[in-house]
1. When the range 85-101 is examined, which residues are found to be in a strand (DSSP E or B), β-branched (Val, Ile, Thr) and under 20 Å from residue 53 (Cβ atoms)?
2. Is it true that some residue in the range 116-128 is of a type in the set (Lys, Arg) and within 21 Å of residue 56 (Cα to Cα)?
3. Is it fair to say residue 13 is modelled with pLDDT under 50 and either part of a loop (DSSP other than H, G, I, E, B) or over 16 Å from the mean Cα position of the chain (by Cα) (or both)?
4. If only one of 35, 21 is among the small types (Gly, Ala, Ser) and modelled with pLDDT under 95, which one is it?
5. Quick one: residue 44 ticks every box in (1) of a type in the set (A, V, I, L, M, F, W, C); (2) loosely packed, with under 13 Cβ neighbours inside 10 Å; (3) closer than 17 Å to residue 128 by Cβ bar one, so which box is it?
6. Whether any residue in the range 98-108 is hydrophobic (A, V, I, L, M, F, W, C), surrounded by 15 or more Cβ atoms within 10 Å (Cβ to Cβ) and at pLDDT below 95 is what I want to check.
Amino acid sequence: MNATKATNEMTETNRTTEPRAATDTPRKRIEVVAAIIRHEGRILAAQRGYGEFKDGWEFPGGKTEPGETPERALVREIEEELAVRVKPEVLLTTVEYDYPTFHLTMHCFLSTIEAGEIEMKEHEALRWLAPDELDRVEWLPADVEVVEKLKAHLALDAGATENL
């Protein structure tokens with residue numbers, strides 16, 4: 001079984017929340033944003049350089065601050081992580097994912113770079129991937145669903161372009 005298939009099966013398993021006993025402590029909830037940055041037909045993937053999920057691949061982004069809109073959080077986080085200003089264009093999906101120690105809500109925006117040159121400040125590596133290369137990196141479990149939605153979106157875009 002390939003890693004992507006295994007991760008997809010994990011995603012489906014983890015999306016449903018098992019009933020908890022009354023004595024279980026509530027799972028910590030984290031709300032984040034992620035930028036699916038498109039440039040010249042490619043998508044930016046970032047390899048985490050720290051923490052529990054070090055070396056896994058993700059779409060760059062981070063936590064929202066209290067009172068901050070997801071779009072504003074995205075712009076701020078990408079400025080902090082990559083030193084560029086992005087424009088969130090479309091909310092592609094919001095992922096709800098249960099990791100072992102927390103519940104993640106991740107708002108994922110198709111985005112473009114408005115200003116600046118990318119500097120790698122927090123990640124171990126960055127890769128620009130063509131749509132047919134999206135399965136070439138080991139995505140973090142919550143990002144796998146985003147990749148699948150992105151591939152479907154890109155296929156629809158390609159079909160619409162062919163019909164013009």
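The values are calculated or read from the model by the stated rules, or taken from the named source; none is laboratory data. Every value quoted in this text rests on a predicted model; they were computed, and no experiment measured them. Don't worry about glycine lacking a Cβ; one is built from the backbone with ideal geometry, like all the others, and counts go over all protein chains shown.
1. 93, 94, 95
2. Yes, the range 116-128 contains a residue that is of a type in the set (Lys, Arg) and within 21 Å of residue 56 (Cα to Cα).
3. When the stated conditions are applied, residue 13 passes them.
4. Answer to the check: 21.
5. (2)
6. no
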